[in-house]
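One structure is given below, encoded as structure tokens.
The values are calculated or read from the model by the stated rules, or taken from the named source; none is laboratory data. Not measured: the values here are computed from a predicted model. Positions of Cβ are generated from backbone atoms using ideal geometry, with glycine treated the same way; all protein chains shown enter the neighbour counts.
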Amino acid sequence: MIDVDRAKEIILNEISPLKKKERLNFFSCLNRISAQDVKAKENIPPFNNSAMDGFAVRANDLIGASRKSPKILEVIEDLPAGYVAKKSIKAGQAIRIMTGAPMPKGADAVVMVEETRSRNDTVEIYKEIKVGENVRYAGEDVKKGKVVIKKGSLLKSGHIGMLASLGASKVKVFKRPKVAILATGDELVNVDERLGPGKIRNSNAYSLYSQVVKTGAIPILLGIARDKKADLKTKIKKGLSADMLLISGGISVGKYDYVKDVLKGLGLEMKFWRVAMRPGKPLAFGIIKRTPVFGLPGNPVSSMVSFEVFVKPAIFKMLGRKTDGAKEVKAAIKEEIIKKKGLRYFLRAKTAWQNEAYVTKTTGPQGSGQLKSMAIANSLIILPEKEERMEKGRMVTVRFLD
């Protein structure tokens, strides 16, 4: 049995980012990883423009302007966004301008409409203004030729908008890994089947499916393999065509837990089995012909926690992401917790920001088969191996699930 950190280190050392790339429409790239540096082919904004609705002016014309002593300028043109001024501004003149409209020749600032009062063909202005005030200059956001999005970036909504601004309609991104999911056990029935004596519904496959979707990978459901070596072998071989294989159940030491034997028969290079954690101790990891294989515990919560701690970082590395994106904070526990020394605990919890600090409380009984406590949790309390008793109010590490 190895500790959590060593297990994670072994896994990540065996995982490599996928080298396969694809070129997609930019609006299909949300939450994908850029496989290229994206450079600006033009300045953003492409021209000097107004940041406000107001009046384009010469700053020198407004020296000394105030509410008591307004400056009066001649309004020579109206300029909406999308058009170019026909006239140039000279001393004592202004052009009424809308946000985003190009700056007229002769103007060097914009006074916002709230500091003015229009009177027929003139405008009273009640404020001095500096050169460049309320002006967005060409290239102020992005300079032509500069790298705007680096290779390896996770493309979020802001990136999609930036790609649109750049006119980058096609973008290279890394392909998403395919993750095969196999549930095992004679006791399992499908979701829409009636429960017979001793049977339970297959929930693990669908919990794992949703967790894989959240990472950005592509889940592939292989169905249920019965506790028979031939059935296990057939379905596992099918799963090995994916980039990663997750097997739920059958990995422990029970009489009918054949998964390890079948995997070894298929050439598994076992890297470890059993991790010093709760829930999730009966976890196995190995490689078959370059395909990473996770043997996850059969208990629902153990399976989900093991995914969060080990599988998620592995998928993110395949995707080319540098971190798993999970937020960890320090929080005060609202109850006393007793644990077994030598194991790292991951307790389902609700964590909230209260009175300028985080507080956290478990979501109820922590048995590895009690899925409800996972369903209502937003975080995991992480308790280190050396601890046995955590007093109420003690600061602990919390990992958010969303």
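Counting only residues that are exposed (fewer than 13 other Cβ atoms within 10 Å of the Cβ) and either charged (D, E, K, R) or within 17 Å of the chain's Cα centre (by Cα) (or both), how many does the range 7-20 have? I'd like the intermediate steps shown before the answer.
Filtering the range 7-20 for residues exposed (fewer than 13 other Cβ atoms within 10 Å of the Cβ) gives 9, 13, 16, 19-20.
Then drop every residue that is not either charged (D, E, K, R) or within 17 Å of the chain's Cα centre (by Cα) (or both), which leaves 9, 19-20.
Residues meeting the conditions: 3.
Quick check on the range 18-27. Is at least one of its residues out of contact with any Asp or Glu (no Cβ under 7 Å at 6 or more places or on another chain), more than 22 Å from Asp141 (Cβ to Cβ), assigned to a loop (DSSP other than H, G, I, E, B) and modelled with pLDDT under 95?
Initially, the range 18-27 is screened for residues out of contact with any Asp or Glu (no Cβ under 7 Å at 6 or more places or on another chain), giving 19-27.
Then keep just the ones that are more than 22 Å from Asp141 (Cβ to Cβ); that gives 19-25.
Checking the rest, the ones that are also assigned to a loop (DSSP other than H, G, I, E, B) come to 19-20.
If we keep only those that are modelled with pLDDT under 95 as well, we get 19-20.
Yes, because at least one residue in the range 18-27 is out of contact with any Asp or Glu (no Cβ under 7 Å at 6 or more places or on another chain), more than 22 Å from Asp141 (Cβ to Cβ), assigned to a loop (DSSP other than H, G, I, E, B) and modelled with pLDDT under 95.
Which of the numbered conditions does Val131 fail, given that it passes all the others? Conditions: (1) surrounded by 14 or more Cβ atoms within 10 Å (Cβ to Cβ); (2) modelled with pLDDT of 95 or more; (3) among the aliphatic types (A, V, I, L, M).
The number of the failed condition is (1).
Just to be sure, is Ile95 farther than 28 Å from Pro219 by Cα, touching a Leu at 6+ places or on another chain (Cβ under 8 Å) and touching a residue at least 40 places away in the same chain (Cβ under 8 Å)?
Working: farther than 28 Å from Pro219 by Cα: yes; touching a Leu at 6+ places or on another chain (Cβ under 8 Å): yes; touching a residue at least 40 places away in the same chain (Cβ under 8 Å): yes.
Yes, satisfied.
For the range 28-49, which residues satisfy the criterion of being in a loop (DSSP other than H, G, I, E, B), of a type outside the set (Lys, Arg) and closer than 24 Å to Gly145 by Cα? Working first, answer last.
To start, the set of residues in the range 28-49 that are in a loop (DSSP other than H, G, I, E, B) comprises 29-32, 35-37, 40-43, 45-48.
If we keep only those that are of a type outside the set (Lys, Arg) too, we end up with 29-31, 35-37, 40, 42-43, 45-48.
Of everything in the range 28-49, those that are in a loop (DSSP other than H, G, I, E, B), of a type outside the set (Lys, Arg) and closer than 24 Å to Gly145 by Cα turn out to be Cys29, Leu30, Ala35, Gln36, Asp37, Ala40, Glu42, Asn43, Pro45, Pro46, Phe47, Asn48.
Of Gly342, Gly369, which residue is on the phi > 0 side of the Ramachandran plot, exposed (fewer than 14 other Cβ atoms within 10 Å of the Cβ) and assigned to a loop (DSSP other than H, G, I, E, B)? Step through it out loud before you land on a result.
Working: Gly369 fails: on the phi > 0 side of the Ramachandran plot.
Going through Gly342, Gly369 in turn, the sole match is Gly342.
Counting only residues that are more than 27 Å from Lys199 (Cβ to Cβ), more than 25 Å from the chain's Cα centre (by Cα) and at pLDDT below 95, how many does the range 287-317 have?
Number satisfying all stated conditions: 2.
Which residues, taken from the range 118-143, are among the basic types (Lys, Arg) and over 17 Å from Gln93 (Cβ atoms)?
If we filter the range 118-143 for residues that are among the basic types (Lys, Arg), which is where we start, we get 119, 127, 130, 136, 143.
Passing the criteria: Lys127, Lys130, Arg136, Lys143.
Any idea how many residues of the range 102-141 are of a type in the set (Gly, Ala, Ser) and within 10 Å of Ala56 (Cα to Cα)?
Going residue by residue through the range 102-141, those that are of a type in the set (Gly, Ala, Ser) are 106-107, 109, 118, 132, 138-139.
With within 10 Å of Ala56 (Cα to Cα) added as a condition, the list becomes 106-107, 109.
Selection size over the range 102-141: 3.
Taking the range 374-383 as the region of interest, how many residues are crowded, with 17+ Cβ neighbours inside 10 Å and either more than 24 Å from the chain's Cα centre (by Cα) or outside any helix (DSSP H, G or I) (or both)? Don't jump to the end; show me each part of the working.
Filtering the range 374-383 for residues crowded, with 17+ Cβ neighbours inside 10 Å gives 374, 377, 379-383.
Checking which are either more than 24 Å from the chain's Cα centre (by Cα) or outside any helix (DSSP H, G or I) (or both) leaves us with 377, 379-383.
Final tally of qualifying residues: 6.
In the set Val57, Val4, which member is closer than 30 Å to Lys156 by Cβ, at pLDDT 95 or above and either crowded, with 20+ Cβ neighbours inside 10 Å or touching a helix residue (DSSP H, G or I) at 6+ places or on another chain (Cβ under 8 Å) (or both)? First the steps, then the outcome.
Values: Val57 fails: closer than 30 Å to Lys156 by Cβ.
Sole residue among the options that is closer than 30 Å to Lys156 by Cβ, at pLDDT 95 or above and either crowded, with 20+ Cβ neighbours inside 10 Å or touching a helix residue (DSSP H, G or I) at 6+ places or on another chain (Cβ under 8 Å) (or both): Val4.
Under 9 Å by Cβ, and 6 or more places apart or on different chains, what pairs join a residue from the range 127-145 that is of a type in the set (A, V, I, L, M) with one that is at pLDDT 95 or above and exposed (fewer than 13 other Cβ atoms within 10 Å of the Cβ)?
From the range 127-145, the pairs are Val131/Asn60.
Would you be able to say whether some residue in the range 255-278 is over 30 Å from Leu383 (Cβ atoms), within 29 Å of the chain's Cα centre (by Cα) and touching a residue at least 60 places away in the same chain (Cβ under 8 Å)? Please lay out each step first, then the result.
Kept after step one, since they are over 30 Å from Leu383 (Cβ atoms), are these residues of the range 255-278: 255-256, 258, 261-269.
After this cut, where a residue has to be within 29 Å of the chain's Cα centre (by Cα) as well, the list is none.
No, the range 255-278 contains no residue that is over 30 Å from Leu383 (Cβ atoms), within 29 Å of the chain's Cα centre (by Cα) and touching a residue at least 60 places away in the same chain (Cβ under 8 Å).
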